[in-house]
Protein chains: 2
Amino acid sequence: MKKNNITIQSMAKTLGVSVTTISRVLNGLGEQFRISKRTIELVTTTADKLNYRPNNIAKGLRLKKSSTIGLILPDITNTWFAQLALGIEKEARKHHYNIFLCNSNDDIKVEKKSIALLQSWMVDGIIIAPIGLESEHLQKASKSGTPLVLIDRFFEGVNLPYISSNDFEGSMDATQYLINNGHKKIACFQGIVGTSPNNQRVNGYKQALKKNKIPFDPTLVIGDDFGFNNGYTCAKKLIKHLAKSKITAIISMGNQITLGVLKALKEEGVQIPNDLSIVSFDEQEYSELLYTPLTTVSHMNENIGDVALKMLFNQFGKSTRIKPKNVVLNSKLIIRDSVKKIAS
Amino acid sequence: MKKNNITIQSMAKTLGVSVTTISRVLNGLGEQFRISKRTIELVTTTADKLNYRPNNIAKGLRLKKSSTIGLILPDITNTWFAQLALGIEKEARKHHYNIFLCNSNDDIKVEKKSIALLQSWMVDGIIIAPIGLESEHLQKASKSGTPLVLIDRFFEGVNLPYISSNDFEGSMDATQYLINNGHKKIACFQGIVGTSPNNQRVNGYKQALKKNKIPFDPTLVIGDDFGFNNGYTCAKKLIKHLAKSKITAIISMGNQITLGVLKALKEEGVQIPNDLSIVSFDEQEYSELLYTPLTTVSHMNENIGDVALKMLFNQFGKSTRIKPKNVVLNSKLIIRDSVKKIAS
DNA sequence: GCATTTTGCACAATCGTTTGAGCAAGTTAG
DNA sequence: CTAACTTGCTCAAACGATTGTGCAAAATGC
């Protein structure tokens, strides 16, 4: 299978004009450089006829700019991230930018490799939802000239622009809601320890307890991953000692965790909210359609993709890194039927 | 913000060796070209120290090969496609390939543009879940030397390799299951008319009816999109005349359609399966956790990404296009509680 | 001590584009 | 008729890597 090798030069040869002329015409600079209408017409029509495709690689090399943006997400199958990716891709296309997609799979090694790879591709910028446990490699990338925007997760005290949700307040609200309904022993099913969403969410939970003068019990914070399995196994363990532990509610820090929990509870015949109440992070299309309609913390934003791109574009062409303006999206508690009011 | 411009040449100058030498060392060809250990050591350590990143764009230009693969999907927020994307990306990374992601958004114009763009990027191949209504642009791309693999949807009589699910049988099985449970008036909520999954699914539905000597009623096939809203509006209309129409079951041709249906039924207080039975395409993690556990047609395959990539790699370096070997994945009916047995 | 082989690199072309500079031919001004 | 200007292009360098060829200097053989 031989490649369709129509280049500017091959066309130049057959048409008897210079490559310069062709380049200019095809870039719409014909008039500006006084190329005659005849020639312009000639070039455009033959380019069209031959199905000429400019070689973006050559272009990128010459212009030292790839019109390409790297996107690193932990897991594209998580709807939250997928929606992000969709928004970013759509918006990027409007600006004639392409997206390089990398899944880090919540593996810091993969994340580092992905960054190196994207830099090798001379991407004009990177939007990343970092694992969140380390930030040196990100700072290094930023310093070496690759504009960066963090999304969903950020690092305290690190000067990198970010967009995130107000997870702290979201979590506080959710916990407060449980407390208002009489719950005091609330298990917290967490995601990856040390990541900023998890930190914030757990801290929000703690803060709500403190506010209400409920002593914080560290043994109630369990789990270590945002995945389905973590929720499932944590719930199974919890159920074993449910009566003894006197836990009446769960706050789940991620939608996948919640699905795992729901499966486990279903298998064990634990009723929601009669036997156990639950609130979950991450509103989903199906949240209201589950066997018990879920009370969730929603923190998605339709145009989060726009915002991320704008923050990236803002960094282009700036000679010095200005103090980044960060964006924090509000979260909202959506109340449904997964929490029972109990006597306090 | 100035770019980190460490190139092979800048290093050559500071080290006092030739670019050739550096290139060879960094590509692990040092020994082969008899570069002394001292020099190898020198080059590798300084490259490391300076945080040198090879310029893949320059490399791509020289080698006429980009080590990238284009991926065009209708909608990454559809979990089915997201899982596909994840699998492909993971597998591609193993082979040191990068993924260019494009969402076609089920818009043929965007699809065509995406192909042109990917060709401009000199991608080594394209994996695409096409809208499915036109194939000329795909054949053109393939003929012009870009290896192609179709996924999920294909074109009858067009010589392009594809991976798809056995949607016909899946649909037949599902419909047969409904029939076995006494249903005769079965509404079919379809996706985009003319696409191969939709064709196959609707045909499977028809075939099952025929087999059981149930006359086919075209007014029972409704809808025109794989999205949530289509399911929602179709269901709303259906419910209005539910009693009169004597429809007892729905077969939904996509998971998003189904969610829309479930929402509508819930709003209208229509009970599943008591008032209406339903089977749905696309098994999801949450399928069993919905307010009525869904009977679904599962047609996902863990390593579908591997397969797609292998089919693509197989085309690399082949001088002639060989007759493609297509892959059809089996589908499986997962029986849960959304179908009621009725007197027939 | 001379021819031959081995060692250890360097030269320069090349990939397909963009772009500042330049230049011949035609036109206009005075 | 000559100078100045306009028209309509072309030349050639550059971007950063790879790679076939070439060639001194050192080592070895006899």
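Coordinate-derived values only; no laboratory data. Small disclaimer: the values here were computed from a predicted structure and weren't measured. So basically every Cβ, Gly included, is an ideal-geometry build from the backbone, and we count neighbours across all protein chains shown.
Length, then width, then depth: along the principal axes, the Cα atoms of chain A run 89, 41, 31 Å. Neighbours of B:Ser245 by Cβ distance under 11 Å: Lys/Arg scored +1, Asp/Glu scored -1, total +4.
The distance between label points at B:Asn203 and A:Ser245 comes to 5.3 nm (points 7 Å beyond Cα on the Cα→Cβ vector).
Fewest neighbouring Cβ atoms within 10 Å first, the residues B:Val149, A:Val43, A:Val158 line up as A:Val158, A:Val43, B:Val149. Put simply, the Cα atoms of segment A:149-302 extend 47, 35, 24 Å along their principal axes, the longest span coming first.
Computed extension gain for A:Lys310 through A:Asn229, at 0.36 nm per residue and net of the alpha carbon distance, reaches 25.6 nm. Starting from a Cα-only point model with no solvent, please compute log10 I(q)/I(0) by Debye for the protein assembly as shown at q = 0.08 1/Å. Result of the Debye calculation: -0.72. Residue of chain A with the Cβ closest to the rotation axis carrying A onto B, and that distance rounded to whole Å: A:Leu101, 2. The simple spin-label model puts a point 7 Å past each Cα toward its Cβ; for B:Asp275 and A:Lys64 those points are separated by 6.7 nm. When only Cα pairs below 8 angstrom with a gap of at least 6 residues are kept, chain B shows a relative contact order of 16 percent. Converting phi to 3J(HN,Hα) with the Karplus coefficients 6.51, -1.76 and 1.60 and the offset θ = phi - 60°, segment B:141-150 yields 4, 5, 5, 7, x, 9, x, 10, 10, 8 Hz in sequence order, with x at every glycine or proline. Among B:Glu285, B:Glu267, B:Glu156, the order by Cβ neighbours within 10 angstrom, fewest to most, reads B:Glu156, B:Glu267, B:Glu285.
Spin-label pair A:Leu133-B:His137: with each label point 7 Å from Cα along the Cα-Cβ axis, the two points sit 4.3 nm from one another. Remark: the A:Thr39-A:Val193 segment gains 49.0 nm on full extension, using 0.36 nm per residue and subtracting the alpha carbon distance. Copy-to-copy label distances for A:Lys332, where each label lies 7 Å from Cα along Cα-to-Cβ, are 4.0 nm in order of increasing length. Maximal additional length on extending the A:Asn51-A:Thr14 stretch stands at 11.8 nm, based on 0.36 nm per residue less the C-alpha distance.
Counted by neighbouring Cβ atoms within 10 Å, the residues A:Lys90, A:Lys246 run from fewest to most as A:Lys246, A:Lys90. Calculated FRET efficiency, B:Asn159 to B:Lys332, Cβ-Cβ distance, R0 = 30 Å: about 0.55 to the nearest 0.05.
Taken over segment A:199-266, the convex hull of the Cα atoms encloses 87 Å³ per residue.
In this assembly of identical copies, the label point of A:Val193 (Cα plus 7 Å along Cα-to-Cβ) is separated from its counterparts by 5.8 nm, sorted shortest first. Counting only residues at least eight positions apart within a chain, or on another chain, the aspartates and glutamates with an alpha carbon under 16 Å from that of A:Lys213 are A:Asp173. Placing a label point 7 Å from Cα along the Cα-to-Cβ direction at B:Lys94 gives distances to the equivalent points in the other copies of 3.9 nm, listed shortest first. Helices in chain A, meaning DSSP H runs of at least 4 residues, each add -39500 (n - 2.57). Divided by all residues, the mean residue ellipticity at 222 nm is -13000 deg cm²/dmol.
Each distinct pair of alpha carbons in segment B:29-117 adds a 1/r term; the inverse of their mean, the Kirkwood radius, is 16.3 Å.
A simple count of charges around A:Cys102, restricted to other residues whose Cβ falls under 9 Å of its Cβ and scoring Lys, Arg +1 and Asp, Glu -1, yields 0. Count Lys and Arg as plus one, Asp and Glu as minus one, and take only other residues whose Cβ is under 12 Å from that of B:Lys59; the net charge is then +4. Considered as an equivalent ellipsoid built on the Cα gyration tensor, segment A:231-344 has semi-axes of 39, 14, 13 Å, the largest given first.
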